[in-house]
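I have placed the structure first, in the form of structure tokens, so that the comments after it can refer back to it.
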Amino acid sequence: QVQLVESGGGLVQPGGSLTLSCAASGIDFSFYDMGWYRQLPGKQRELVAVISSSGHTNYADSVKGRFFISRDNARNTVYLQMKSLQPEDTAVYYCNGARYGVNYWGKGTLVTVSS
């Protein structure tokens, strides 16, 4: 059974930082491209950052230079380090694992940026 479990969300003030984690099980993690997406109520889920199985990264323009994705294949975990958070970063953040067109999703973790 495949599970992606996100953690690390919460309430943070503008300008603050958070690090999200996603622990994967049931997949051969090192072969999967891993990503973080986010979704606001009533809006489509959007890509935040992805890291390929070989370690290449890609970011949404809105988070470049503020967010950093990394992976630890030994721990089957992908991270999203978020800095200089702004209210517009408030969303539910979802972890994604993809390989050969098959996608797995976590249940999401809420990040709220507010003073």
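Scanning for something touching a strand residue (DSSP E or B) at 6+ places or on another chain (Cβ under 6 Å) and part of a loop (DSSP other than H, G, I, E, B), does the stretch 62-76 turn up at least one residue?
Within the stretch 62-76, one or more residues are touching a strand residue (DSSP E or B) at 6+ places or on another chain (Cβ under 6 Å) and part of a loop (DSSP other than H, G, I, E, B).
Of all residues in the stretch 1-18, count the ones that are open to solvent by 40 Å² or more (accessible area, probe 1.4 Å) and closer than 13 Å to residue 71 by Cβ.
Residues in the stretch 1-18 being open to solvent by 40 Å² or more (accessible area, probe 1.4 Å) and closer than 13 Å to residue 71 by Cβ: 0 in total.
Tally the residues that are surrounded by 19 or more Cβ atoms within 10 Å (Cβ to Cβ) and small (Gly, Ala, Ser), restricting the search to the stretch 80-115.
Matching residues across the stretch 80-115 total 3.
How do the strands (runs of 3 or more DSSP E) wholly within the stretch 8-59 filter down when requiring 3 or more residues that are on the phi < 0 side of the Ramachandran plot and out of contact with any helix residue (DSSP H, G or I) (no Cβ under 6 Å at 6 or more places or on another chain): which remain?
Here the list reads 18-25, 33-39, 46-51, 57-59.
What pairs come up if the first residue lies in the stretch 43-55 and is in contact (Cβ under 8 Å) with a residue 12 or more places away in the chain, the second is open to solvent by less than 60 Å² (accessible area, probe 1.4 Å) and assigned to a loop (DSSP other than H, G, I, E, B), and their beta carbons are under 8 Å apart, counting only those six or more places apart or on different chains?
Cβ pairs passing all conditions: 46/60; 47/60; 48/60; 49/60; 53/32.
Which pairs turn up if I take residues in the stretch 62-76 that are over 12 Å from residue 19 (Cα atoms) and look for partners that are surrounded by 20 or more Cβ atoms within 10 Å (Cβ to Cβ) and among the β-branched types (Val, Ile, Thr) with beta carbon separation below 9 Å, at least 6 apart in sequence or on another chain?
The qualifying pairs are 62/48; 63/48; 71/51; 71/78; 72/78.
When the stretch 51-79 is examined, which residues are found to be open to solvent by less than 50 Å² (accessible area, probe 1.4 Å) and of a type in the set (D, E, K, R)?
66, 71, 72
The values are calculated or read from the model by the stated rules, or taken from the named source; none is laboratory data. Model, not experiment: these values are computed from the prediction. Reconstructed Cβ throughout: ideal geometry from the backbone, glycine too, with neighbour counts over all protein chains shown. Calculation scope for accessible area: heavy atoms of the full protein, side chains included, ligands and nucleic acids excluded. Shrake-Rupley method; radii C 1.70, N 1.55, O 1.52, S 1.80 Å.
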